Every structure is written in C-alpha cells, then in structure tokens.
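Notes to accompany the following structure.
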Amino acid sequence: MEISAQVVKELRARTGAGMMDCKKALLESGGDMDKAIEYLRVKGIARAQKKSERETTEGLIVSYIHPGNRIGVLLEVNCETDFVARTEEFQTFAKDIAMQIAAAAPQAIQREDLDQEVVEKERELLRIQAIEEKKPEKVIDKIVEGRMEKFYSEACLLDQIYIKDNDKKVKGLLDEIIGKIGENIRIARFARFQLGR
C-alpha cells in the first residue's frame with residue numbers, strides 16, 4: 001500500500017510522532033487516520049512503560065496563578081535531560097498539569113502517596129454507608145471498592161480525568177508525552193495554594 005507524504009505529514013501534525021513512526025502506523029492501519037492515531041497511542045504507552053525506570057534528574061519548576069489570583073500552584077516536573085526540559089512540548093505539559101492541579105485540587109500524585117489513615121477512614125465510611133443502604137452483605141466489598149475508585153479519581157492526580165480532554169486520565173496524558181518525547185518524565189511534587197485555606 002502506498003502512503004502519501006501529505007497523509008504522513010497530517011498524522012505527524014496531529015500526534016507529534018516521528019515521520020517514520022507515522023508512516024509505519026498508517027501502513028499498519030491500512031491508511032485509516034483514526035486507527036493510525038490509536039496505534040501510535042498504544043505504542044507510545046508501551047514505550048512509556050519501558051522508560052519509567054530511567055532516572056529523571058533534570059526538569060523544571062513551573063508556577064500557575066489562576067485568573068482572579070485566588071489559587072496558585074507550584075509544580076516540579078522531571079525529565080532525563082535539560083534539552084527536553086527546554087522544549088515547548090515539555091513546558092506546555094508542565095503548565096497543563098499545573099492548571100489541572102489548580103482546577104481539580106488533588107491530594108496526592110498517585111495512590112501510594114496518599115496518607116493510609118485517610119484511605120482506611122474513607123473505606124470504612126463507604127462500608128458503613130453501604131450497610132446503611134441495606135446492600136446485600138456479599139456485595140458490600142465490591143461496592144466499597146467501586147466507590148474507592150471514585151475517591152481515587154478525585155484525590156490522586158494521575159487518576160483524575162484530564163480537564164482539557166475528558167476521554168483521558170492524567171496518567172494517559174503522561175504516558176503519551178513520554179512516548180512522544182522519548183524520555184522518562186515524572187511529576188515529582190506540587191503545592192497548591194488557595195486564598196483563605
């Protein structure tokens with residue numbers, strides 16, 4: 001199958017992937033643009049998982065002040081090289097994550113970072129709630145775990161729905177950017193300030 005350079009360029013513009021990766025994705029998907037995008041996303045996630053063990057000693061600290069000056073965020077995002085830290089793509093990603101934190105007020109970056117006492121207290125409250133709702137005993141554990149997933153999706157940054165694209169979570173966005181840039185990227189820490197709190 002012959003793939004035109006124009007189609008390859010269009011896919012590159014839409015995904016930010018390399019030319020050869022775009023051409024391969026189009027060949028694998030029979031020239032279907034949507035399938036090629038999905039192919040690149042899957043490959044990017046696989047690459048991201050391989051890179052997740054690599055050390056991240058470079059990066060940047062970004063600040064975001066929400067309009068109205070009532071909410072502010074300081075965020076550290078790490079990568080492997082200072083070259084990547086200076087790229088527009090990396091800096092845009094960092095700013096988007098700072099905006100996410102301002103808007104969605106996560107308690108932690110990932111589940112492991114949450115205070116276990118808070119997690120257990122939430123689990124116990126959900127169990128009591130399910131019992132008071134007269135749910136059958138045999139399904140209470142499943143109900144509690146389902147509701148805990150909702151708790152994590154609000155409390156943990158990586159589990160949150162991305163504010164600029166409701167079809168993906170922040171973890172999916174992170175995996176995509178790792179796949180595009182080709183380096184491990186880590187959201188290291190953040191502080192969120194809200195006036196009066």
Open item on the list: Please list 3J(HN,Hα) in residue order for the stretch 163-169, calculated via the Karplus relation 6.51 cos²θ - 1.76 cosθ + 1.60 where θ = phi - 60°; whole Hz, with x for glycine and proline.
Closed with: 5, 8, 7, 5, 8, 9, 8
Open item on the list: Filter 23/180; 24/168; 95/164; 9/164 down to the pairs with a C-alpha to C-alpha distance above 18 Å, please.
Closed with: 24/168; 9/164
Open item on the list: Let's see if you can work this out: charge +1 on each Lys and Arg Cβ, -1 on each Asp and Glu Cβ, no other charges. What is the dipole magnitude of the chain about its Cα centre, in debye to the nearest 20?
Closed with: 300
Open item on the list: Check which residues have an amide H placed less than 5 Å from residue 107's amide H, if you skip close sequence neighbours.
Closed with: 156, 157
TODO: Using the Karplus curve 6.51 cos²θ - 1.76 cosθ + 1.60 with θ = phi - 60°, work out ³J(HN,Hα) for each residue of the stretch 37-43 in order, rounded to whole Hz, and write x for Gly and Pro.
DONE: 5, 4, 4, 5, 5, 5, 4
Task: Packing rank of 99-110, 124-135, where each peptide gets the mean count of other beta carbons within 10 Å, highest leading - done: 99-110, 124-135
Open item on the list: Residue by residue through the stretch 109-126, what is 3J(HN,Hα) from phi via Karplus (6.51 cos²θ - 1.76 cosθ + 1.60, θ = phi - 60°)? Round to whole Hz and write x for glycine and proline.
Closed with: 6, 9, 4, 5, 7, 6, 5, 4, 5, 5, 4, 5, 5, 4, 4, 5, 4, 5
- [ ] Return the whole-Å distance between the Cα centroid of the stretch 57-108 and the Cα centroid of the stretch 153-197.
- [x] 9
Open item on the list: Which log10 I(q)/I(0) values does the stretch 115-154 give at q = 0.21, 0.23, 0.33 Å⁻¹ under the Debye formula, counting every alpha carbon as one identical point scatterer?
Closed with: -0.60, -0.70, -1.13
Open item on the list: Could you tell me the relative contact order of the stretch 42-175? Use alpha-carbon pairs under 8 Å, at least six residues apart, and round to a whole percent.
Closed with: 20
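Helix-only mean residue ellipticity at 222 nm, the chain, DSSP H runs n ≥ 4 weighted -39,500 (n - 2.57), per residue, nearest 500. What is it?
-17500 deg cm²/dmol
All of the numbers you see were taken from the coordinates with simple rules; none came from a lab. Note that the structure is a prediction, hence the values are computed from the model and not measured. Cβ atoms come from the backbone with ideal geometry, glycine included; neighbour counts cover every protein chain shown.
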